[in-house]
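Down below is the structure, laid out as structure tokens.
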Amino acid sequence: MTTPAPIRILLVDDQALVRMGFRMVLEAEDDLVVVGEASSGGEAVALAVDAAPDVILMDVRMPSLDGIEATRRIVAADPHARIIILTTFDLDEYAFGGLRAGASGFLLKDARPDELVSAIRAVAAGDAAVSGRVTRAMLSLFADRLPRDRPSGNDPSGDPAAALTPREREILLAMAAGLSNGEIAERFFLTESTVKTHVGRVLAKLQLRDRVHAVIFAYEHGLAER
């Protein structure tokens, strides 16, 4: 049986001791490998190309180019980039800005080693590293920053979610309400595997990166109550 390739990680933080601490935790895991370190947002943008990481751990508060702008540039160059924002406070404006810029989640800098490892594995697998409930709380806190009546692109109906079936729309709104797959399954009398399939279809049809961005989409387009 072929052993899966290890998850390649890029560490971005302007403090060498912080990077060293993360490296020690990550390299103790057989399926994780650190392929590069950056001490600034500018270095992160360059290494995101040169080191080809699967997941980037991105500090937000850095001189010159901060983590939010670095995230925005990396995602613009590679829409498949997976970035976890590192922040000091959970409902933090920087974490919010990082999610809006395209990050797949955020972690507190003092997160337990097992939380850090689990988040990296989740993001590498295409999931999000923050619960929908926390995302919803953050969006509610910063609701005034979200655009209203955002244009719906080429959709002639004016409905940004017109491509969704009625069930998929229900799933989207349930995600926006912060429900987990298990909670959604219980609400609609479905199996979790069926919910996972619906979630995947919602993300594909709306061209969203993960469920965090599905929540953001629902709020930005007025589909979820603020």
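The values are calculated or read from the model by the stated rules, or taken from the named source; none is laboratory data. Keep in mind it's a predicted model, so treat the numbers as computed, not measured. Cβ coordinates were reconstructed from backbone atoms using ideal geometry, including for glycine residues, and neighbour counts include every protein chain displayed.
Structure data summary
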item	result
Flag for residue 169 being out of contact with any Cys (no Cβ under 7 Å at 6 or more places or on another chain), assigned by TED's automatic domain parsing to the domain that holds residue 62 and modelled with pLDDT of 80 or more	no
Within region 21-56, tally of residues that are surrounded by 19 or more Cβ atoms within 10 Å (Cβ to Cβ) and in a helix (DSSP H, G or I)	8
Test result for residue 114, part of a helix (DSSP H, G or I), modelled with pLDDT under 80 and out of contact with any Gly (no Cβ under 9 Å at 6 or more places or on another chain)	no
Index of the failed condition, residue 75 passing every other in (1) closer than 20 Å to residue 19 by Cβ; (2) β-branched (Val, Ile, Thr); (3) within 12 Å of the chain's Cα centre (by Cα)	(1)
Selected residue (only one of 4, 79 is part of a loop (DSSP other than H, G, I, E, B) and within 23 Å of residue 130 (Cβ to Cβ))	79
Selection status of residue 102, buried (at least 22 other Cβ atoms within 10 Å of the Cβ), at pLDDT 85 or above, over 20 Å from residue 180 (Cβ atoms) and not assigned by TED's automatic domain parsing to the domain that holds residue 183	no
Qualifying residue in region 89-97 (condition: modelled with pLDDT of 90 or more and either assigned to a helix (DSSP H, G or I) or surrounded by fewer than 20 Cβ atoms within 10 Å (Cβ to Cβ) (or both))	no
Residue match in region 64-75 (condition: exposed (fewer than 15 other Cβ atoms within 10 Å of the Cβ), touching a helix residue (DSSP H, G or I) at 6+ places or on another chain (Cβ under 7 Å) and not assigned by TED's automatic domain parsing to the domain that holds residue 210)	yes
